[in-house]
1. Out of A86, A104, which single residue is in contact with a Gly (Cβ under 8 Å, 6 or more places away or on another chain), part of a loop (DSSP other than H, G, I, E, B) and among the aliphatic types (A, V, I, L, M)?
2. Can you tell me which residue among G316, G333, G270, G328 is at pLDDT 50 or above and either of a type in the set (A, V, I, L, M, F, W, C) or part of a loop (DSSP other than H, G, I, E, B) (or both)?
3. Residues of segment 15-32 being part of a loop (DSSP other than H, G, I, E, B) and modelled with pLDDT of 95 or more, which ones?
4. Examine segment 38-46 for a residue that is at pLDDT below 95 and either surrounded by fewer than 22 Cβ atoms within 10 Å (Cβ to Cβ) or under 22 Å from G177 (Cα atoms) (or both), and state whether such a residue exists.
5. Take the conditions among the basic types (K, R) and closer than 20 Å to I129 by Cα and apply them to R111. Does it pass?
6. Return the residue satisfying two criteria in turn: it lies in segment 71-90 and is within 18 Å of P116 (Cβ to Cβ) and among the hydrophobic types (A, V, I, L, M, F, W, C), and of such residues it is surrounded by the most Cβ atoms within 10 Å (Cβ to Cβ).
7. What about N259, is it assigned to a loop (DSSP other than H, G, I, E, B), in contact with a Ser or Thr (Cβ under 8 Å, 6 or more places away or on another chain) and at pLDDT 50 or above?
8. Select from segment 279-305 the residues that are part of a strand (DSSP E or B), buried (at least 22 other Cβ atoms within 10 Å of the Cβ) and not aromatic (F, W, Y) and list them in ascending order.
Amino acid sequence: MKFYVGDYTNLGGPGVCECELTKDGLRFIQNADTRIENPTWLILSADQKTLFATSSSPSDGEEGGSVATFNVAEGALRLTSMHSTAGHSVCHLTLSPDERFLYAASYGDGRLTVFPVSDGRIGKRVQLIQHEGSGPKPQQNCAHVHFTQFHPKDGRLYAVDLGIDAVMIYKQDAETGLLTLDERVDAPSGMGPRHLVFREDMMYVAHELGGAVSVFRNTSAGWQLEQTVSTMMEGCGDEDAVAAIRTLGDRLYVSNRRNDCIAEFEIRMGGTLALERTFSSFGAFPRDFVLLDEGLFLVANQNSGDIRLILAKPQGKPAPRKKRAPSGRLFTGSVFEERLTPIVGYTYLDEEYTNAGNEVCQIGDELPLPGAVCVCPVKE
């Protein structure tokens, strides 16, 4: 399985690069033909021929960050277009459902920008929206748009703003791509919402500053707050630097950067959450992660500068062996062959491999990538 990684070039990373998960582990393939500065978010087009990236590099003679495209269909990461957002610290990208428009979130100055897309290239900006306001914490001195996502059913664009503790919801003109504000959903004050995910009639909002997830239900009166729950076990502190949020089946996962761990929640009947455990990211400052399969994670650890493959929920019992000293080659699950080596995890006991209370292991060696901040898998 191939995947793309974005990293902080100011921390020594190569920018945008292509990697691969094989039967032998994680492998680096190539860098992009042109280095762009600090690409913190990557997304692929539906046909997986165009990779979209954010960048702190200016373009078009303007100040601020940029959005760029790479052609990845011909075996090379070739830069094909780049345009400035006129926003600082552009940090997230979303394509419209028909992929005719690209929406960019700028953290530094709270702006949301709209670009047309044609033949795998980005056109000049057609709309710039400036959020206004602030929050009670020092990090909320102004608006900070951090994330955008189209709702799969109502077709509106949801923009999460850390600075004003709100999710701003926009109607999209499908013909022009232009946005009109339709609804504002307020998060608990001072929490600093960062990212969100949808599931059925629920919205789960991860709060960077408050170390928590808020649960909202879609009702006839709009989105209603039902619950806010910490991403840390009791006694681990009051706040954390929450980053990515993902769901799979009846589980929800959130990365806690300051504690170098991932929190796992059960999604209960009715959509509320119960924190079940936290487990190590096997590195420092987990910025992003993707779920490959049940219990399998690719994690980008920014400060330790690596990508890790983690098994956090064993998939069946490994086959028994004759009693001998552990070789390290213990995992024989259906996804990977035996030679992928757990570094931490299973213990060898008599003639069976047992969990011995340790439910998490790293599989294989880490892939060093300084400043790794986002992972974008290629669908197979």
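The values are calculated or read from the model by the stated rules, or taken from the named source; none is laboratory data. Note that this is a predicted model, so its numbers are computed, not measured. Counting neighbours? That spans all protein chains shown, and the Cβs are built from the backbone with ideal geometry, glycine included.
1. Working: A104 fails: part of a loop (DSSP other than H, G, I, E, B).
On inspection, the qualifying residue turns out to be A86.
2. On the way: G316 fails: at pLDDT 50 or above; G333 fails: at pLDDT 50 or above; G328 fails: at pLDDT 50 or above.
Testing whether each residue is at pLDDT 50 or above and either of a type in the set (A, V, I, L, M, F, W, C) or part of a loop (DSSP other than H, G, I, E, B) (or both) leaves just G270.
3. Here is the first cut: in segment 15-32, the ones part of a loop (DSSP other than H, G, I, E, B) are 15, 23-24, 32.
If the condition is that a residue be part of a loop (DSSP other than H, G, I, E, B) and modelled with pLDDT of 95 or more, then G15, A32 are the ones that fit.
4. no
5. Details: among the basic types (K, R): yes; closer than 20 Å to I129 by Cα: yes.
Spelling it out, R111 is indeed among the basic types (K, R) and closer than 20 Å to I129 by Cα.
6. Among residues in segment 71-90 that are within 18 Å of P116 (Cβ to Cβ) and among the hydrophobic types (A, V, I, L, M, F, W, C), the one surrounded by the most Cβ atoms within 10 Å (Cβ to Cβ) is V90.
7. Values: assigned to a loop (DSSP other than H, G, I, E, B): yes; in contact with a Ser or Thr (Cβ under 8 Å, 6 or more places away or on another chain): yes; at pLDDT 50 or above: yes.
Spelling it out, N259 is indeed assigned to a loop (DSSP other than H, G, I, E, B), in contact with a Ser or Thr (Cβ under 8 Å, 6 or more places away or on another chain) and at pLDDT 50 or above.
8. Step one: of segment 279-305, the residues part of a strand (DSSP E or B) are 279-280, 286-293, 296-301.
Then drop every residue that is not buried (at least 22 other Cβ atoms within 10 Å of the Cβ), which leaves 286-289, 297-301.
Within segment 279-305, P286, R287, D288, L298, V299, A300, N301 qualify.
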